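So the structure is just underneath, and the comments pick up after that.
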Amino acid sequence: MTGERATIRFWRNGRPTEVDGFHPRTTLLDYLRLSERQVGTKEGCAEGDCGACTVALGRVRDGRLVYEPVNACILLLGQIDGADLLTIEDLAGAGGLHPVQQAMVDHHGSQCGFCTPGIVMSLFTLHREAPRPVGRETVSDALAGNLCRCTGYRPIVDAALAACSSAPEPLPADALIARMSGAREQDVFVRHPDGFFAAPASEERLAALLVEHPDATIVSGSTDVGLWITKGLAPLSKIVWLGRVKGLDAIENEPDRLLLGATVSHATALPFLAGIDPDLGELMRRFGSVQVRASGTVGGNIANGSPIGDLAPALLALGCRLELRRGEALRRIALEDFFIAYRQQDRQPGEFLRRVEIDKLSPNEIFRCFKVSKRFDEDISAVMGAFKFALDGRRIVGCRIAYGGMAGIPKRAAATEHAVTGLSLDEPTHWRNAEAALEEDFQPMRDHRATAEYRRTVARNLLRKALMEIASGETDATRITGHRPVLQAAE
C-alpha cells in the first residue's frame, strides 16, 4: 500500500473509522466531546496533568497489540492514525462492567466521579499490560498521572489490586493487527482551509516536506506543543507529525553506546537508559506520568529546548551527540552546542532531529543524577543535576557536570568541572571550593517554582551529594528512594 491519503484512519474498539478535513490543531478530546458527543472523557486541567481525559491507544509493537494511556486533552487528533482507540464508553460489554469498573464499584473507588473515567482508563491499561503479580508500587506509578481530590487513593489502589489479581481477557486481535500494520505504509496529508496536518511514512518524504514548508510546526509526542494550543491558544496552521515515520523509532543498543531514534517514547527508552545507569532509570520513572511517558519522545524533549526538561542535563553529562537532517544533508552536533538561548537551538529551518547518540560508561566512570521538585510524582524540576566522574583510584581525573533549571538552557558547569577535576574523594574539605565555583557558572532566576537562592543552595547540595555517594559507595544516608548497591562504590 503506497501513495498518499487525505484522511486519518483508526479503529474504535476494533471498528474502522476515517476522519478528514479537520483543523490541524484539533485535539483528540475536542473530537470526542464536540464531534462524537462522547462526553465520558472529561476535560480538567487541559495540560496533561490531571488525567481526567485519559483514554487508551493500542498500537502494534513487535507483532502484538499494546495499549497505553494517553492524555486526550493535548494529543492531536491526527496522532491517533493507525491506532485502536478505547474510551470509557467502550469498556463495558453485554456481559456487564469491565473488571476494572466492577472493582471500582466494589471498593468504593469513586465519589464525585469527575476523575473516575480517566482513572478507570489508566487502570484498564495496567490491567491489560502489567506483568503479574501487580504490587502496590506498580499501581501507584500507574496512577501518578491521575488526580483525585475527594475519594482518596486507598480504595482506588485496592480496586486496582483486586482487578489485577486475575489475568487480562484475551483479545481477538490478529486480523486487526494486520490491518493496523498496513495502514502505516501511506503518507497522510489532511488539508484544511487554514493549513494541513501531515504524517509522512518515510524519512525521505519528511525531509522533503519540511524543506517545502520550513514554517511548519514539528510535533512528536505533543506533550509540549499540545499546551501551546490549549494554554497559549497558538494559531498553528501547518503541523507535521513524526510518529509515522519509519525508522525514526529505531533503537540500536551497542556495547559502547546507545542510539535512540528521535521518536522513541520515554516509556520505550526507559529500560535502555536504565541499562546505562540505575539513576537514569529512576529519573525516567519520575518523568511526568505514564500518560506523558507513553506520548512524549526523547527527540521532542531535546528539540523543544526547555531549560527544565529532565533528560537534557543527564544526556549533557553523558556526552550526548545529535544527528540532524535537512533535505539530503546530515550533520552531527554535540548536545551542549545545540542549545543557544532560551527556547533557541542550533536547528535550521526545515531541519529535524533524527537520532540521539549516548555514550555508555567506561569501567572507571561513575554517574549520578538527581531531580528536585515540589511534588515527587509528575512535577517539573526546580533543579536537576547530573554528574559523570572519571576516577583514577580515589582521585577524580575528569568530569562532566550539567544542570537544568539553573539557566535559560540546560547547561554544563564549566568552572565547576575544572574545580572538581583533581579532587580526592578522601578530602571532603576541599570539595567546598568546587561548590563555590557554581557561582561562576550560574545566575539562576526566581520564579514560582523556586527562588534564585534556593536553586543555588540545591545545586551546591546536589554536587556534594554526588561526591559523598561515590566517596562512600552507599546511598542509604543520602536517598529516600532509588537506592543503589554498595558495589557501585569507588575503590
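Some observations on this one:
- Here residue 279 meets each of (1) touching a Gly at 6+ places or on another chain (Cβ under 9 Å); (2) surrounded by fewer than 21 Cβ atoms within 10 Å (Cβ to Cβ); (3) of a type outside the set (A, V, I, L, M, F, W, C) with one exception, condition (2).
Here is a yes/no grid of residues against (1) of a type outside the set (D, E, K, R); (2) under 28 Å from the mean Cα position of the chain (by Cα):
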| residue | (1), (2) |
| --- | --- |
| 146 | yes, yes |
| 153 | yes, yes |
| 161 | yes, yes |
| 166 | yes, no |
| 171 | yes, yes |
| 188 | yes, yes |
| 191 | no, no |
| 196 | yes, yes |
| 204 | no, yes |
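- The residues of the range 393-434 that are over 26 Å from residue 338 (Cα atoms), free of Cβ contacts under 8 Å to residues at least 24 places away in the same chain and among the acidic types (Asp, Glu) amount to a single one, 427.
- Those residues of the range 202-241 which are touching a helix residue (DSSP H, G or I) at 6+ places or on another chain (Cβ under 7 Å) and among the hydroxyl-bearing types (Ser, Thr, Tyr), in sequence order: 217, 220, 222, 223
- Whichever residue in the range 433-471 is over 27 Å from residue 277 (Cα atoms) and either of a type in the set (Phe, Trp, Tyr) or in a helix (DSSP H, G or I) (or both) and, among such residues, is modelled with the lowest pLDDT: 433
- The lone exception for residue 407 - which of (1) loosely packed, with under 15 Cβ neighbours inside 10 Å; (2) in a loop (DSSP other than H, G, I, E, B) it fails: (1)
- When residues of the range 127-152 are limited to those that are within 21 Å of residue 223 (Cα to Cα) and of a type in the set (A, V, I, L, M, F, W, C), the one surrounded by the fewest Cβ atoms within 10 Å (Cβ to Cβ): 147
- In the range 42-91, the residues that are closer than 29 Å to residue 245 by Cα, β-branched (Val, Ile, Thr) and at pLDDT 95 or above: 54, 55, 70, 74, 80, 87
- Condition met for residue 459 (more than 29 Å from the chain's Cα centre (by Cα) and not acidic (Asp, Glu)): no
- Residue 262 touching a Ser or Thr at 6+ places or on another chain (Cβ under 9 Å) and at pLDDT 95 or above: yes
- Residues that are over 19 Å from residue 416 (Cα atoms) and of a type outside the set (S, T, N, Q) within the range 446-480 comprise 446, 447, 448, 449, 450, 473, 474, 476, 477, 479, 480, listed in sequence order.
- Candidates 134, 66, 100: the one that is assigned to a strand (DSSP E or B) and within 29 Å of residue 375 (Cβ to Cβ) is 66.
- Taken over the range 59-100, the criterion of being more than 28 Å from the chain's Cα centre (by Cα) and either free of Cβ contacts under 8 Å to residues at least 60 places away in the same chain or crowded, with 23+ Cβ neighbours inside 10 Å (or both) is satisfied by 92, 93, 94, 95, 96, 97, 98.
Conditions tested, residue by residue: (1) outside any loop (DSSP other than H, G, I, E, B); (2) modelled with pLDDT of 95 or more; (3) in contact with a strand residue (DSSP E or B) (Cβ under 7 Å, 6 or more places away or on another chain).
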| residue | (1), (2), (3) |
| --- | --- |
| 112 | no, no, no |
| 139 | yes, yes, no |
| 158 | yes, yes, no |
| 177 | yes, no, yes |
| 196 | yes, yes, yes |
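- Residue check, residue 37 surrounded by fewer than 22 Cβ atoms within 10 Å (Cβ to Cβ) and either in contact with a strand residue (DSSP E or B) (Cβ under 7 Å, 6 or more places away or on another chain) or not in a loop (DSSP other than H, G, I, E, B) (or both): no
- Selection count, the range 319-373, where residues are assigned to a strand (DSSP E or B), of a type in the set (Asp, Glu) and out of contact with any strand residue (DSSP E or B) (no Cβ under 9 Å at 6 or more places or on another chain): 0
For (1) exposed (fewer than 15 other Cβ atoms within 10 Å of the Cβ); (2) more than 24 Å from residue 201 (Cα to Cα), each residue gets a yes or a no:
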position: 6; (1), (2): yes, no
position: 10; (1), (2): no, no
position: 18; (1), (2): yes, no
position: 22; (1), (2): no, no
position: 27; (1), (2): no, no
position: 30; (1), (2): no, yes
position: 43; (1), (2): no, yes
position: 46; (1), (2): no, yes
position: 54; (1), (2): no, yes
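- Flag for residue 130 being more than 21 Å from the chain's Cα centre (by Cα) and modelled with pLDDT of 95 or more: no
- Some residue of the range 472-482 being part of a strand (DSSP E or B), more than 22 Å from residue 340 (Cβ to Cβ), touching a residue at least 12 places away in the same chain (Cβ under 8 Å) and of a type in the set (Ser, Thr, Tyr): no
- The residues of the range 223-282 that are charged (D, E, K, R), within 18 Å of the chain's Cα centre (by Cα) and not in a loop (DSSP other than H, G, I, E, B), listed by number, are 279, 282.
- Beta carbons closer than 8 Å, at least 6 apart along the sequence or on distinct chains, pair a first residue in the range 453-470 that is within 19 Å of residue 400 (Cβ to Cβ) with a second that is crowded, with 19+ Cβ neighbours inside 10 Å and among the basic types (Lys, Arg) for 465/368; 466/368; 469/368; 469/484; 470/368.
The values are calculated or read from the model by the stated rules, or taken from the named source; none is laboratory data. These numbers come from a predicted model, not from an experiment. Counting neighbours? That spans all protein chains shown, and the Cβs are built from the backbone with ideal geometry, glycine included.
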